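Shown next, in structure tokens, is the structure this report addresses.
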Amino acid sequence: MEKTTTKINPSKLESVIALVLIVLVTIIAYALLMNSFGYYSDEWYVAWAGRTSGPELIVEIHQFDRPLMGYFYSLYYTILGDNPLGWNIFAVGLRVIGVLAFWYTLRLLWPKSLLATTSVALLFAVYPGFMVMPKAIIKVNPLFTLACALISIAFTIKSVQIQKAWKAIAFQIFAFLFGVIYIFYVEYMIGLEFIRWSFLWIALKKRDSSLSFMEQIRRWFLNTGPILLMTIGMMGWRLFFFESGRQAMNVGSISEDFLITPLYSFAGLFIEMTRDFIESAFAAWFVQGYAMTARAAYRPWIISFSLAALVVISYFGYAAITQRVLRNDPEDKDISLSFIWIGILGIIAALFPLIVVGRQVYLDAAKYNKYTIHVSVGISLLIIGFLLYLAQRNRKGYLIVVSVFLGLAVQTHYFNGLRYQLDWQYQKDLWWQLSWRAPDLKDGTLLAAKHPSKITFSENYEIWAPANLIYRPDSQEVKISGEIIRTETEGWFLRGINNEKSFRTAIPVSRNFENALILTIPNSISCLHVINGNRLEDYQEDAQVKLIYHTSNIDQILTESTSKISPPIEIFGPEPQQDWCYYYQKAELALQQQAWDDIAALGSEAEQLGHNATDLVEWMPFLQAYAYLGNFDRVEDISRRLGSDKFQRHQACE
């Protein structure tokens, strides 16, 4: 009896391997540290709104600028809740879907260009100009929008390649529906329509190369018509009827400068376009990575290099497979120029809506850009097209350069993840230690906070939202306000102003700077310091803190509480181990109560457990307690520890 053998189609095998490679590289770039990411920037007001008032308030606060986003966002929150890990898994999943949709579209147009299409998809997946993936709770929105846009484009291309009319109509309907979602969801991604138009033109040309130019234009309009009309309608509604809470999004604000100073405005538009083109397309691959890795410790550098090496080896292995599947690969002859012109014009189309409303590309490692994710579609096409054009007879050189881009991007994302990991750790330390230090806070307290992370706080809701989740978890009103310590706000603290602002027209926030309480973590070895305005105990404090420290009112802390105050575990994780910082915070609380015996007992317990201060100022409450109780042996012991620090020695003498 003869044995039957099933032959595996090499082309299908390559597709499976390419798909697995894309998913693997995306996971390596974004998912390895996601269990240690938390809440950042805009995510805080979403968490506060959802937890205190439910999804309805999430919908309401997004009527301010992007109404459709609010409805989808409330759905996400209902499903995913408060745990950051679920949001991060969802974000990586959306990233994978978007990349695969792009890769699938490229394969529809260039089915024989295996290596080129996969290379484009891989560069798109790991593009290092979009450095806010760890902000998953807020960045699921552009990721979802991008995925919808790319799925819509894929349906458009599939509709002109299919033979049966009813299937073509079905694909057009799906393309329209996904197009409506993405265009009304995040308006600044409208430039992706150029990618649709370009791909559709190529698809029509490939389907029937004998078409006259005018006939191809007619069919192109026929296939783009519904989405094009919808796009024009959205732009008209957005510019002339919808009243955005963002001043820069109103047509009057956009047109005013161009009408008053047209030459200056158009010159500025050209300069910003040129600058952002260069920064997003080329500099993004190197500048941020170098800034984060130049002085990195050996261990994270070795880990990031190993991950990059894994990606590069996998890519070379895949390249070897494509060479076997299709030895006479026509990619470098046929598609390099198409990739280049679509890439260049696609980048310009994606950047234009951003620049018109005053948004720019930033490559500052501390100010990661959030507007480049859709621009990376054109960027990945441009880079691969350019490399193919230069290396038509040098496949090995092409592979090496693409590998360098992939490896650098993976390293950059790993170090970016470490920064967000550190920032979240600082935030958790701050709020857990404040809960130890302050049993409760008076209504109307204004918290100001600083910590040493490169990312740090940038908006006041990053302070008032977590503070109210901890101290007023059942209130739908902002009882404890917050403000950022920066140059623009110094005068507000010094003058003690009192005002009320409405956040996104839906959340009133009253701020009285006479009730300020300043919180700082001066450096990586310090605990949280709650500033007592009567004296500055730590010369290591930030210069802006030194300027306004005397406005910090320690009496805003209630030393007794009728209920147990604790940060919600779903957001902040379990309570940290009670190390030195726990005993320091409890000693500071006892100092405020002048409970000298309690401080001494805390000091003895900390010593028995082997806990010691690494920031010398944190010995001060214990020094004062021992001096008051007449325990001069302990006073002398602590004084010796402070002896090497002239500032602290002076403080101790006082």
Item to complete: Measure off 7 Å from each Cα along the Cα-to-Cβ vector at Q63 and L33, then give the distance between these two points in nanometres to one decimal.
Response: 4.0 nm
Worksheet, complete the sentence: Debye calc, one equal point scatterer per Cα of segment 106-183, no solvent, log10 I(q)/I(0) at q = 0.15, 0.17, 0.18 1/Å comes to -0.68, -0.82, -0.88
Worksheet entry | Residue-averaged 222 nm ellipticity for the chain, from DSSP H runs of 4+ at -39500 (n - 2.57), nearest 500 | -21000 deg cm²/dmol
Worksheet item: When the convex hull of the C-alpha atoms of segment 1-118 is computed, what volume per residue in Å³ does it have?
Response: 186 Å³
Worksheet item: So for segment 513-654, Kirkwood radius off the Cα pairs, Stokes-Einstein at 4 °C and 1.567 mPa s: how many µm² s⁻¹?
Response: 80 µm²/s
Item to complete: Report the semi-axes of the equivalent ellipsoid for the chain in whole Å, largest first, where each axis is √(5λ) for an eigenvalue λ of the Cα gyration tensor.
Response: 53, 29, 22
Practice prompt. Could you look at segment 510-648 and say what percent of its accessible area is carbon and sulfur, using a 1.4 Å probe and all protein chains?
Written response: 47 percent
Worksheet, complete the sentence: Carbon/sulfur accessible area of segment 146-197, % of total, 1.4 Å probe, equals 80 percent
Discussion item. Tell me the accessible surface of E636 in square angstrom (1.4 angstrom probe, heavy atoms of protein chains only), to the nearest ten.
Written reply: 100 Å²
Item to complete: Report R359's accessible area, 1.4 Å probe, all protein chains in place, as a number in Å² to the nearest 10.
Response: 60 Å²
Worksheet entry | Nearest-0.05 FRET efficiency for R535 and Q594, computed from C-beta distance (R0 22 Å) | 0.90
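Efficiency by 1/(1 + (r/R0)^6): what FRET value for K206 and E636, r their Cβ-Cβ distance, R0 = 60 Å, to the nearest 0.05?
0.10
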Discussion item. Taking 22 Å as R0, compute the FRET efficiency from the Cβ-Cβ separation of E607 and I525 and round it to 0.05.
Written reply: 0.70
Item to complete: Report the extension gain between L269 and E560 in nm, rounded to one decimal, defined as 0.36 nm multiplied by the number of residues separating them, less their alpha carbon distance.
Response: 98.9 nm
Discussion item. If I fit a long axis through the Cα atoms of helix 165-185 and take the longest principal axis of the Cα atoms of the chain, what angle between them do I get, 0 to 90°, rounded to 10?
Written reply: 30 degrees
Worksheet item: What is the distance, in nm, between label points placed 7 Å from the Cα along the Cα-to-Cβ direction at A320 and at M214?
Response: 5.6 nm
Fill in: Volume per residue of the C-alpha convex hull in segment 386-468, rounded to whole Å³
108 Å³
Worksheet item: What does the accessible area per residue of the chain come to in Å², with a 1.4 Å probe and no ligands, DNA or RNA counted?
Response: 45 Å²
Worksheet item: So how much accessible area does V478 have, in Å² to the nearest 10, using a 1.4 Å probe?
Response: 20 Å²
Discussion item. Output the 0 to 90 degree angle, nearest 10, between the alpha-carbon long axis of helix 67-80 and the longest principal axis computed from the alpha carbons of the chain.
Written reply: 70 degrees
Discussion item. For segment 483-554, which trypsin sites (Lys or Arg not before Pro) pass both filters: DSSP loop (anything but H, G, I, E, B) and at most 16 other C-beta atoms within 10 Å?
Written reply: R486, R504, R535
Discussion item. On a 1.4 Å probe surface of the protein chains, which of L469, L591 comes out largest in accessible area, and what is the full order?
Written reply: L591, L469
Worksheet item: log₁₀ I(q)/I(0) of segment 467-595 at q = 0.10, 0.11, 0.16, 0.21 Å⁻¹, via Debye over equal Cα point scatterers, no solvent, to two decimals?
Response: -0.38, -0.47, -1.02, -1.51
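The values are calculated or read from the model by the stated rules, or taken from the named source; none is laboratory data. Given the structure is predicted, the values throughout are model-derived calculations rather than measurements. When we count neighbours, we look across all protein chains shown, and the Cβ atoms used for this are built from the backbone with ideal geometry, even at glycine. Just the protein is used for accessible areas: all its heavy atoms, side chains included, with ligands, DNA and RNA removed. Shrake-Rupley method; radii C 1.70, N 1.55, O 1.52, S 1.80 Å.
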